[in-house]
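Participant: Input: one structure, supplied below.
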Amino acid sequence: MSPGMPRDLNRALQVKLKDWKLSLEDLPQLPKMIRHYLLGTVTKEIFIANLTQVFRGKVNAIPRKGARGSNDRVPTPRDQETWIVEDVLTVVESAKLTLPPEVS
C-alpha cells in the first residue's frame, strides 16, 4: 500500500489501472499527486492536467482493440488518455467523498 493513501482508494485505483494494463509501480508519482489533491493543495484543474501529463507517456503502451477492416472505431491514444484520466478521477473523487474530514 502506498503511504498516506487509504486502503480502499489504493485497491480501487489498482483495479482501475489493471483494466488499462498499468499498475502503481508504473506510475510512482501518482500516490503523491492524489495525496496533494485530497489534501486540497492542488485544484481539480491542476490535478487533471497532472494526470494527463502522467498518462501521456503510457497510452501508447495500452493495447488498442479493433481489427483491420472492421467498421468499429479504434480509439486513438488521445481518446485513451482522456478515458484513463476520467477513470482515475472518478475513483479519486469517490474516495474523497468517503474520507474522514481530517484527511479530506
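The values are calculated or read from the model by the stated rules, or taken from the named source; none is laboratory data. These numbers come from a predicted model, not from an experiment. FYI the Cβ positions are ideal-geometry reconstructions off the backbone, even for glycines, and counts take in every protein chain you see.
Let's see how each residue does on (1) within 19 Å of residue 7 (Cα to Cα); (2) at pLDDT 80 or above; (3) of a type outside the set (Ser, Thr, Tyr); (4) loosely packed, with under 13 Cβ neighbours inside 10 Å:
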{"position": "18", "(1), (2), (3), (4)": "yes, yes, yes, yes"}
{"position": "51", "(1), (2), (3), (4)": "no, yes, yes, no"}
{"position": "64", "(1), (2), (3), (4)": "no, no, yes, yes"}
{"position": "90", "(1), (2), (3), (4)": "yes, yes, no, yes"}
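Participant: Still on this structure, please answer the following. Residue 11 is checked against (1) within 11 Å of the chain's Cα centre (by Cα); (2) in a helix (DSSP H, G or I); (3) more than 13 Å from residue 87 (Cβ to Cβ) and fails just one. What number does that condition carry?
Facilitator: (1)
Participant: Separate question: Have a look at 32, 16 and point out the one that is in contact with an Asp or Glu (Cβ under 9 Å, 6 or more places away or on another chain) and assigned to a helix (DSSP H, G or I).
Facilitator: 16
Participant: Could I ask something else about it? When you go through 38, 22 one by one, which is the residue that is under 11 Å from the mean Cα position of the chain (by Cα) and either buried (at least 18 other Cβ atoms within 10 Å of the Cβ) or of a type in the set (Asp, Glu) (or both)?
Facilitator: Values: 38 fails: under 11 Å from the mean Cα position of the chain (by Cα).
When all the criteria are applied, what remains is 22.
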